[in-house]
Every structure is written in C-alpha cells, then in structure tokens.
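Chemist: The structure is given below, and queries will be raised subsequently.
Just so you know, all these numbers are worked out from the coordinates, no wet-lab data involved. In this text the structure is predicted, and so the values were computed from the model without any measurement. Counting neighbours? That spans all protein chains shown, and the Cβs are built from the backbone with ideal geometry, glycine included.
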Amino acid sequence: MGRKDASTSRTPVDQYRKQIGKQDYKKTRPMLRATRLKAEAKKTELGVKEVALVLAAILVFLLAFYAFFYLNVSNEVDLDLDPEEN
C-alpha cells in the first residue's frame, strides 16, 4: 500500500519527466548518439555573437589608442607653432 500512495503523490513535473524518459528509451542508440553529438557541437561552436563582441572590443581598443596619440600629437604641434615667436 505504501507504494501505491507514493506513486499517486508524484508531481506533474515528475510524471512529465517519466513520460519523456519512456519516449527516449524507444529511440535507437544511433539516434541518441547523434542527438548527443549535435547538442555537444552546438555548445562548443563559436557563435556570431561572440565573434562580434571580440571584433567590437578590438575596434574600441584601436580607436582609443588612435585618439590618445592623435590628441598628444595635435597638442605638441599647437605648442610648436606659436605665432608670437616669428
């Protein structure tokens, strides 16, 4: 009797998981292996979002580098060209 009471107190989530497990059990091994390999490949593949973020970071770094030297050179040129010296 204890088992019957325990089985009826399952949550809907547990029942759903059991149903999914039964469906997976019906699949053949090659199908399960292909599904697993596909999921692993999807996890490890380099996405477009990651590539775009890396390129954007490099671009920001280069622009900051360029702006730093541009401002330093432009200040030095202004100081060297004092019109009062002539």
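Chemist: Can you compute the modelled spin-label distance between ALA67 and ALA41, with each label point 7 Å from Cα toward Cβ, in nm?
Modeler: Distance between label points: 4.3 nm.
Chemist: Same structure again: Tell me, what is the FRET efficiency for ALA56 and VAL13 to the nearest 0.05, using R0 = 41 angstrom and their Cβ-Cβ distance as r? It would help to have the intermediate numbers written out before the result.
Modeler: Details: r = 41 Å, r/R0 = 0.99.
Approximately 0.50, to the nearest 0.05.
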